[in-house]
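First the structure, in the form of structure tokens, and then the observations on it.
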């Protein structure tokens, strides 16, 4: 299920996203694709060329796009609506909440370039809060696919399951984590790495999964055993896996490409404090705005590097053993 060696995917995520939309359109005649003037950036022009009558570019009108998508869904269509993450979350929140979720609509919301993967687009285009916003909306399903294998599976699930769903999606390069035939269960974490005598559990998603795997390899060289959970579904979150990790390893580190105040660490903490309190350390953005930079530079600025995760794991274990 898990690849033996970390390497970058041979295809960009946006290309795989478009290819999967074309595949799904063949089996889902009501599927439509919508965008807010970013079809070139998201690589979905091949879909528009093949299915022009099932493509709607709403222009730079994100809130209006969501409203149109809701209307189409209530008429039986299956809209996949995309824009950059901050515009899908911050700018269209009211339409998503009232027109979409409150009205029990069926819209697949796609927010691209999550967190520091926005890179040189800078702070205005760098969503550190999108998952937190969506997590606060009742009955929303919230997903961050880790690689192309997971992306394809998740998109098929979204097309087949009615409801309001948000997927944050890297547009360009990412590491390949899963073998091509891997299947997943929405709402269930994937155990990426395990050891019966693990000293600590790292719970990560998205960009931070590969970082966590590298951190676990370094920890192993130092004699520290690690469990890694890919918590790709933030809502509904896998409470059972979190409680088991707390009980069996006694220390948890969360690693996310998101603001800590509303993110994965906060969601995991809610489960831990209610069920099995253990020492926790949180890796992520500490209540800051975004900025322009390369991925490596931004990972250092926001303390999401492999050494950051390694040191967080050591702190959690030290607190457990104190």
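Would region 279-298 turn up any residue that is assigned to a helix (DSSP H, G or I), closer than 19 Å to residue 243 by Cα and more than 24 Å from the chain's Cα centre (by Cα)? Among the residues of region 279-298, not one is assigned to a helix (DSSP H, G or I), closer than 19 Å to residue 243 by Cα and more than 24 Å from the chain's Cα centre (by Cα), which makes the answer no. Strands (runs of 3 or more DSSP E) fully within region 44-149 that include at least 3 residues being free of Cβ contacts under 8 Å to residues at least 12 places away in the same chain and over 19 Å from residue 234 (Cα atoms): none found. The single condition from (1) out of contact with any helix residue (DSSP H, G or I) (no Cβ under 7 Å at 6 or more places or on another chain); (2) surrounded by 22 or more Cβ atoms within 10 Å (Cβ to Cβ) that residue 35 fails is (1). Can you tell me which residue within region 299-322, out of those that are within 21 Å of the chain's Cα centre (by Cα) and farther than 18 Å from residue 132 by Cβ, is surrounded by the most Cβ atoms within 10 Å (Cβ to Cβ)? Top of the filtered list is 309. Just one of the listed residues (280, 231) is outside the structural domain of residue 155 (by TED's automatic domain parsing), in contact (Cβ under 8 Å) with a residue 40 or more places away in the chain and buried (at least 17 other Cβ atoms within 10 Å of the Cβ), and it is 231. Any chance region 224-235 includes a residue that's within 21 Å of the chain's Cα centre (by Cα), part of a helix (DSSP H, G or I) and closer than 30 Å to residue 119 by Cβ? Looking for residues that are within 21 Å of the chain's Cα centre (by Cα), part of a helix (DSSP H, G or I) and closer than 30 Å to residue 119 by Cβ, one finds none in region 224-235, hence no.
If the condition is being closer than 30 Å to residue 102 by Cβ and without any contact (Cβ under 8 Å) to a residue 24 or more places away in the chain, then region 163-219 contributes only 185. Of the residues 170, 209, the single one that is over 23 Å from residue 276 (Cα atoms), modelled with pLDDT of 95 or more and not assigned by TED's automatic domain parsing to the domain that holds residue 260 is 170.
Please verify whether residue 111 is in the same structural domain as residue 167 (by TED's automatic domain parsing) and buried (at least 20 other Cβ atoms within 10 Å of the Cβ), treating the condition exactly as stated. Yes, satisfied.
When residue 251 is tested against (1) over 19 Å from the mean Cα position of the chain (by Cα); (2) at positive phi; (3) crowded, with 19+ Cβ neighbours inside 10 Å, just one condition goes unmet, and that condition is (2).
Which ones in region 94-111 are more than 14 Å from residue 163 (Cα to Cα) and either at pLDDT below 95 or in contact with a helix residue (DSSP H, G or I) (Cβ under 6 Å, 6 or more places away or on another chain) (or both)? Of everything in region 94-111, those that are more than 14 Å from residue 163 (Cα to Cα) and either at pLDDT below 95 or in contact with a helix residue (DSSP H, G or I) (Cβ under 6 Å, 6 or more places away or on another chain) (or both) turn out to be 95, 111.
Considering only region 178-200, I want to know if a residue exists there that is outside any strand (DSSP E or B), under 16 Å from the mean Cα position of the chain (by Cα) and closer than 26 Å to residue 322 by Cα. No: zero hits.
Taking the stated definitions as given, is residue 203 buried (at least 19 other Cβ atoms within 10 Å of the Cβ) and either touching a helix residue (DSSP H, G or I) at 6+ places or on another chain (Cβ under 9 Å) or not in a helix (DSSP H, G or I) (or both)? Spelling it out, residue 203 is indeed buried (at least 19 other Cβ atoms within 10 Å of the Cβ) and either touching a helix residue (DSSP H, G or I) at 6+ places or on another chain (Cβ under 9 Å) or not in a helix (DSSP H, G or I) (or both).
The values are calculated or read from the model by the stated rules, or taken from the named source; none is laboratory data. Since the structure is predicted, the reported quantities are computational estimates derived from the model, not experimental observations. Counting neighbours? That spans all protein chains shown, and the Cβs are built from the backbone with ideal geometry, glycine included.
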